[in-house]
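The values are calculated or read from the model by the stated rules, or taken from the named source; none is laboratory data. Just so it is clear, the model here is predicted, and its values are computed rather than measured. All Cβ positions, glycine included, derive from the backbone under ideal geometry; neighbour counts span all protein chains shown. The accessibility values were calculated without ligands, DNA or RNA, using every heavy atom of the protein model including side chains. Shrake-Rupley method; radii C 1.70, N 1.55, O 1.52, S 1.80 Å.
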Protein chains: 6
Amino acid sequence: MKISVCRKAHFNAAHRLYNPDWDMAKNDAVFGKCNNPNFHGHNYTLEVWVKGDINPETGMVIDLKLLKNLIKDEIEERFDHKNLNLDTEEFKTLNPTAENICLTIWEILRSKIDTALELRVRLYETERNVVECDGK
Amino acid sequence: MKISVCRKAHFNAAHRLYNPDWDMAKNDAVFGKCNNPNFHGHNYTLEVWVKGDINPETGMVIDLKLLKNLIKDEIEERFDHKNLNLDTEEFKTLNPTAENICLTIWEILRSKIDTALELRVRLYETERNVVECDGK
Amino acid sequence: MKISVCRKAHFNAAHRLYNPDWDMAKNDAVFGKCNNPNFHGHNYTLEVWVKGDINPETGMVIDLKLLKNLIKDEIEERFDHKNLNLDTEEFKTLNPTAENICLTIWEILRSKIDTALELRVRLYETERNVVECDGK
Amino acid sequence: MKISVCRKAHFNAAHRLYNPDWDMAKNDAVFGKCNNPNFHGHNYTLEVWVKGDINPETGMVIDLKLLKNLIKDEIEERFDHKNLNLDTEEFKTLNPTAENICLTIWEILRSKIDTALELRVRLYETERNVVECDGK
Amino acid sequence: MKISVCRKAHFNAAHRLYNPDWDMAKNDAVFGKCNNPNFHGHNYTLEVWVKGDINPETGMVIDLKLLKNLIKDEIEERFDHKNLNLDTEEFKTLNPTAENICLTIWEILRSKIDTALELRVRLYETERNVVECDGK
Amino acid sequence: MKISVCRKAHFNAAHRLYNPDWDMAKNDAVFGKCNNPNFHGHNYTLEVWVKGDINPETGMVIDLKLLKNLIKDEIEERFDHKNLNLDTEEFKTLNPTAENICLTIWEILRSKIDTALELRVRLYETERNVVECDGK
């Protein structure tokens, strides 16, 4: 029987949504206020879910302290208090929509977590806008 | 790889739970205080989850502004500040339990959203009572 | 030195806002959708704050189990799963706005709580609409 | 079409994480502050999800009052205001990690709920640490 | 007897904290990551509290629809999806700390709300950082 | 004009409520399940509010990073993952009710924060039980 465990984290970042292949009018039509050239920002809340067997010696699926530190080192250090478009390699050319941020975080964490464990990432951009990725 | 996106919304409504085929005693036994003939009410919180591929041009699965407006036009306009039993077509004869409201919302939205996208609806009747429907 | 203690509670009720001295047009202008003659409803969240000295024998300002039961007997029993306009003495003629509900709850509880203790009542009608009364 | 319904509940308990087969140094290395021999504690929030067909007579999957009472009798009575290690049969020898508590609750409730209904249990140990079990 | 009423709102913005009279080293020492020259951002949650007498004709202290619209016109239009440092008059030279944003919002709203009503503004910059201003 | 700023923090602890001058029957009558001799526990959420003038050079009342670290060093280190009755000097003889914990935290922080700043401490023992102390 598999158990899922989750660790939550937060990061605050600025971003702008736009497609450089489009002119300003089309970017405004599609992305609205999110296309502000001077950027806007969010408090992102992240849930990282890991699913696997309980280790009978520890009673844990994964040590949540390790998962907490992994999220800190790989995600918070990279994105917290950053301008996603200007300060990060990941979104230099990739549009930092909530979907793309979530997928990017999933890919970063997937490469660092034992493949015997399933991985699911949920990202809250605001209280009302949420995205989720499980790699399937 | 599929990504899920969610938009939250709210509506406030009155309702009464009862089965017209039963007498008052049986309705009271089954529905308790929810069978108050003068109605009671709730702040309903709605989560609409849509799952699909990321459009590479927009970086989005679905434009959340469109989804927000769809929920506003199809669900909030229909149910917000209404008496579900008296003011709506949907619950004239269907008992407005959380389960039936959730299923009805799923059916309304399913008919309006591209079938290439999967749809899941979660409804909070109170902080402690929640229902969810994914059409399966 | 005084300490404040708070107990939260919930009740779900239907209501309609209107002034019987006004015609329907004026009621609609002032109360909008809240004037639906068939009622709508809310999950009300209540915070009851009591302020006073710590009793050195118990380490408490007031026994929160007693406060919980007082709220249950005096407020939840009276208003939960009720139509405030039709089912309660308090709002037969008093318009059940959040302000009037909060004031009414304050008055009911004030008469039941030791006057050596200060009383403050906060009422959430929705997540975004809140009222508070401290009797001053 | 299946609908999921959820009831939330709470219990407050003390616990200590450790493996009696290990010495104190290894227990400290693995469980950190959670290995305090004098115990620490949490407010646990529990979500019990049940999935099944809507009964056409009631409009319900399961009567949430019954589910609420089942959780009260089987889980809250057993674990609320208890020391999980010292006061409960379940964790006399089983390490009360969030994973093991969640699995134990799933097993207790699974034996009491109609097998035609699917069961999923989510447990929040803190706002940031969550586990989930669906028996698969 | 006075009653307080509150309306909540949200806006998402980018900002940078720094003092132009200081060099980069001192700005980094004081403002840390908040001094990122490329900006970062937040979901700001705003509570606007107004205190006064209940109008006996309406049962209200202030029409919350009017207060909602005032917040929308004066605050959300001005700050939502903006870069506070670059896009707003208010923070061209004033450092957009949570304290200064809260004070600025208080001053804007104070000039628009009947002086018979007391005004208090609370601003959540993150879930853990909050500021409040009541003009005293 | 004064501004209030708040920093939130968390700690998880075990405790038992009882008065050693009373017999078990009286302790049970007054403290109920909280008198479990094996302890129970809570996730405590702490809000520390500081009120004062905005420093015109920084735009801040107090550096929230300093306040965060003060809470970490003085409160979290002392109480997190502890048994309040057994592991702390403060509650060796003082009954660790929410009121007494809140007052104790206020006194510890009061001695460490500039007296030009007003101090208010709010403590959530559960979602429904809250206490607050401002030293008056």
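Being free of Cβ contacts under 8 Å to residues at least 40 places away in the same chain and in contact with a helix residue (DSSP H, G or I) (Cβ under 8 Å, 6 or more places away or on another chain): is that true of D:Asp73 here?
So D:Asp73 fails the test.
Can you name the number of the only condition in (1) closer than 30 Å to F:Leu123 by Cβ; (2) at pLDDT 95 or above that E:Lys136 fails?
The single condition E:Lys136 does not satisfy is (2).
Just to be sure, is C:Asn36 in contact with a strand residue (DSSP E or B) (Cβ under 9 Å, 6 or more places away or on another chain), buried (at least 19 other Cβ atoms within 10 Å of the Cβ), within 14 Å of chain B (Cβ to nearest Cβ) and farther than 28 Å from F:Glu127 by Cβ?
Judged against the criteria, C:Asn36 is a match.
How many of the residues in the range B:100-125 are among the polar types (S, T, N, Q) and at the interface with chain D (Cβ under 9 Å from one of its Cβ atoms)?
Counting residues in the range B:100-125 that are among the polar types (S, T, N, Q) and at the interface with chain D (Cβ under 9 Å from one of its Cβ atoms) gives 1.
Could you tell me whether A:Glu125 is crowded, with 22+ Cβ neighbours inside 10 Å, under 9 Å from the mean Cα position of the chain (by Cα) and either charged (D, E, K, R) or at pLDDT below 95 (or both)?
In short, no.
For the range B:78-93, name all the residues that are more than 11 Å from chain C (Cβ to nearest Cβ) and more than 17 Å from B:Leu109 (Cβ to Cβ).
B:Lys92, B:Thr93
Select from the range B:47-77 the residues that are of a type in the set (D, E, K, R) and assigned to a loop (DSSP other than H, G, I, E, B) and write down the one among them that is least open to solvent (accessible area, probe 1.4 Å).
The residue in question is B:Asp63.
Determine the pairs where a residue that is on the phi > 0 side of the Ramachandran plot and within 14 Å of chain C (Cβ to nearest Cβ), located within the range B:1-30, has a partner that is surrounded by 16 or more Cβ atoms within 10 Å (Cβ to Cβ) and among the basic types (Lys, Arg) with Cβ atoms under 8 Å apart, the partner being 6 or more residues away or on another chain.
Final answer for the pair search is none.
Going by the conditions given, is E:Asn12 part of a loop (DSSP other than H, G, I, E, B) and open to solvent by less than 60 Å² (accessible area, probe 1.4 Å)?
Here the answer is no, as E:Asn12 does not meet what is asked.
Somewhere in the range F:41-57, is a residue more than 13 Å from chain D (Cβ to nearest Cβ), within 21 Å of C:Leu64 (Cβ to Cβ) and touching a helix residue (DSSP H, G or I) at 6+ places or on another chain (Cβ under 6 Å)?
no
Could you grab me the full set of residues in the range F:78-119 that are open to solvent by 70 Å² or more (accessible area, probe 1.4 Å), touching a residue at least 40 places away in the same chain (Cβ under 8 Å) and under 22 Å from C:Trp49 (Cβ atoms)?
F:Glu118
Would the range D:23-45 turn up any residue that is modelled with pLDDT of 95 or more and in contact with a Pro (Cβ under 6 Å, 6 or more places away or on another chain)?
Checked the range D:23-45: no residue is modelled with pLDDT of 95 or more and in contact with a Pro (Cβ under 6 Å, 6 or more places away or on another chain).
Output the number of residues of the range E:58-67 satisfying the condition of being within 8 Å of another protein chain (Cβ to nearest Cβ) and of a type outside the set (S, T, N, Q).
Of the residues in the range E:58-67, 6 are within 8 Å of another protein chain (Cβ to nearest Cβ) and of a type outside the set (S, T, N, Q).
Only one of these conditions is not met by F:Pro56: (1) in contact with a strand residue (DSSP E or B) (Cβ under 7 Å, 6 or more places away or on another chain); (2) more than 21 Å from D:Thr126 (Cα to Cα). Which number is it?
That leaves (1) as the condition not met.
How many of the residues making up the range B:86-118 are within 20 Å of B:Leu70 (Cα to Cα), out of contact with any Leu (no Cβ under 7 Å at 6 or more places or on another chain) and assigned to a loop (DSSP other than H, G, I, E, B)?
8
Being within 21 Å of F:Asp80 (Cβ to Cβ), surrounded by fewer than 17 Cβ atoms within 10 Å (Cβ to Cβ) and hydrophobic (A, V, I, L, M, F, W, C) is the requirement here; does D:Met24 meet it?
Spelling it out, D:Met24 is indeed within 21 Å of F:Asp80 (Cβ to Cβ), surrounded by fewer than 17 Cβ atoms within 10 Å (Cβ to Cβ) and hydrophobic (A, V, I, L, M, F, W, C).
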